Amino acid sequence: MTLRAKQMILVFGIRRSGNHLVSDWLIHQYADPRFQALNVQLDFFSFLEDYKTPCGLYNCALFGIEEHPISALDIAYSKHTRKLIKVLLLRDPYNLFASRIKHYKLLDAPYFNSRFASYNWVDYAMYFCDPPPDVICLSYNHFINDPQYRQRIAEMIGVAFDSHQDQKYMNKVDSAVSGGSSFDGKNYDGSGTQMKVSERWAYFKDDEMYKSLFTDEIKALSKKIFDFSPF
């Protein structure tokens, strides 16, 4: 039986943007039966054709799609759902780049890969500022700091906000797929809200290679979207 769902959610994001946290939170706002797959490629449609499931119809099926060009949002579709929801997830560049550098040890590389550190961010940010009506733009910064913002996201996707599941998955630190936090690993699993994810930039604040990533355009977009510009 081919995988089908009443609602399908596609979460697009840059790695180390909180993709797994947001995806786990979103899927668990739905009642069983539900289906989730992370780190999939855009050809997941062929996966749907081949995947056999005992469930005739899921309440929700969620697919996390990372490191794709922003144009992937416009071409993504599915015939396997009654309603397709596209989510664009964006994290501020200061904390995102710090997490990517820490996780991938970019500053230890013989040649500093600045393009990888900032991969896709400007394209995502420009899209975030002027999205089409069928895309939900989700700010990771607001998501982690504001329960009312999360409730509004639940309303936008058309599901009742579950405060119990909200607290459970905001405190969960994924490690099976993502390896946990770039800075804390899985040390805060069960108390994830205590991690200082908004202060990762401070770890590299005196590093010239890190600071060289922030063009005037990136600084302006961060200020516009997140009202955040620490230097």
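Tabulated data for the structure shown
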quantity	calculated
Any chance Ser139 is surrounded by fewer than 20 Cβ atoms within 10 Å (Cβ to Cβ), closer than 23 Å to Val197 by Cα and of a type in the set (Gly, Ala, Ser)	yes
Options Ile144, Ile136; residue that is touching a residue at least 40 places away in the same chain (Cβ under 8 Å), of a type in the set (Val, Ile, Thr) and in a helix (DSSP H, G or I)	Ile144
Breaking point among (1) surrounded by fewer than 18 Cβ atoms within 10 Å (Cβ to Cβ); (2) part of a helix (DSSP H, G or I); (3) modelled with pLDDT of 90 or more, for Phe45	(3)
The range 69-114, residues that are of a type in the set (D, E, K, R), surrounded by 16 or more Cβ atoms within 10 Å (Cβ to Cβ) and part of a loop (DSSP other than H, G, I, E, B)	Arg91, Asp92
Total residues in the range 168-199, condition touching a strand residue (DSSP E or B) at 6+ places or on another chain (Cβ under 9 Å) and at pLDDT 70 or above	1
Filtered residue count, the range 97-122, keeping only those that are over 17 Å from Phe204 (Cα atoms) and among the hydroxyl-bearing types (Ser, Thr, Tyr)	2
Condition check for Leu10: touching a residue at least 60 places away in the same chain (Cβ under 8 Å), aliphatic (A, V, I, L, M) and under 20 Å from Ala76 (Cα atoms)	yes
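Here is a yes/no grid of residues against (1) over 23 Å from His103 (Cβ atoms); (2) touching a Ser or Thr at 6+ places or on another chain (Cβ under 8 Å); (3) surrounded by 20 or more Cβ atoms within 10 Å (Cβ to Cβ):
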| residue | (1), (2), (3) |
| --- | --- |
| Met8 | yes, yes, yes |
| Val11 | no, yes, yes |
| His20 | no, yes, yes |
| Ile27 | yes, no, yes |
| Tyr30 | yes, no, yes |
| Gln41 | no, no, no |
| Lys52 | yes, yes, no |
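The values are calculated or read from the model by the stated rules, or taken from the named source; none is laboratory data. Everything numeric here is computed off the predicted structure, so don't read it as measured data. Don't worry about glycine lacking a Cβ; one is built from the backbone with ideal geometry, like all the others, and counts go over all protein chains shown.
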